[in-house]
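Values quoted throughout were computed directly from the atomic coordinates according to the rules given, and no laboratory measurement underlies them. Keep in mind that this is a model prediction, so the values were computed, not measured. Note that each Cβ is placed from the backbone with ideal geometry, even for glycine, and that neighbours are counted across all protein chains shown.
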Amino acid sequence: MNITVFLGAPGSGKGTQAKRLSTAHGFKHFSTGDMLRVAIQEEKPVGLKAKGFMDKGELVPDSIMIELIEEALSHVSGTAKVLLDGFPRTVAQAKALDSNPRTQVSLALYFIVPEETLIRRLTGRRICKKCGESFHLEFMPPKANSICDKCGSQLTQRPDDSESVARHRLTVFRSQNEGLLSYYTSAKKLKEIAADNNVDEIQNTLAGILK
Ligand code: AMP
């Protein structure tokens, strides 16, 4: 497996880019946040365990997350190109990936975005309840108010995108990020990306790096 991990604050655009790259360039994309939200919707045990942490903007414990990603990656072919978005979030999670020769990380891309941009991106984000398409009140508004352009269903705000929870998520992110950056810098696997410009430009930059 050739694994690239996307590091960066909530709202730094990791998910948007990973979705685009998987469609355009055949990467297998795993978003641990999306996996947990599906597990909550389907009332799976892992979802029930994770929900309280997610609603408060806290990290779900490493043991739960490591088991979740290991299980998901065990079904992926050894030759696949994989993008992990939202995992790892702690050094323990990074070490768990590298401890298995099958899931060792090749590259860590760190998305850099100024803090106030992150808050605007998170609090304005709206998600389609049905198909998961993402919109933004300011930067990518839906054609009709609160309705998904793609499937016509109702848009909602993720509970953890409220301003207070979003600010807490950024604090949690900062508390773990230094350690993760040092881990991948020591391994000579870290590359930084300016992720504050146009979505298409960032996609082109990433596609060039991941070629
Ligand atoms: P995201 O959609 O990536 O912003 O994730 C939403 C929430 O899911 C986070 O705020 C955490 O509560 C939880 N979560 C997702 N991925 C992880 C992870 N790798 N480690 C711990 N918690 C996670």
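Based on DSSP H segments of at least four residues, each scored -39500 (n - 2.57), the chain has a per-residue ellipticity at 222 nm of -15000 deg cm²/dmol. Each Cα pair under 8 Å and six or more residues apart adds its sequence gap; the mean of these over the residue count of the chain is a relative contact order of 30 percent. Seen from a random direction on average, the alpha-carbon convex hull of the chain projects onto 11.3 square nanometres. Per-residue packing, averaged as other Cβ atoms within 10 Å, sorts the ranges 44-54, 14-24 into the order 14-24, 44-54, beginning with the highest. Separation of the range 64-108 from the range 165-183 is 19 Å, based on Cα centroids.
With a cut-off of 20 Å on the backbone N, the residues of the range 50-88 near the modelled label site 7 Å out from THR185 along Cα-Cβ are 88. Counting only residues at least eight positions apart within a chain, or on another chain, the lysines with an alpha carbon under 25 Å from that of LYS191 are LYS14, LYS19, LYS28, LYS81, LYS95, LYS211. Using a Gaussian network model of the chain with C-alpha springs under 10 Å, which one of GLY78, GLY86, GLY179 is most mobile by mean-square fluctuation? In this elastic network of the chain, the residue with the biggest mean-square fluctuation among GLY78, GLY86, GLY179 is GLY78.
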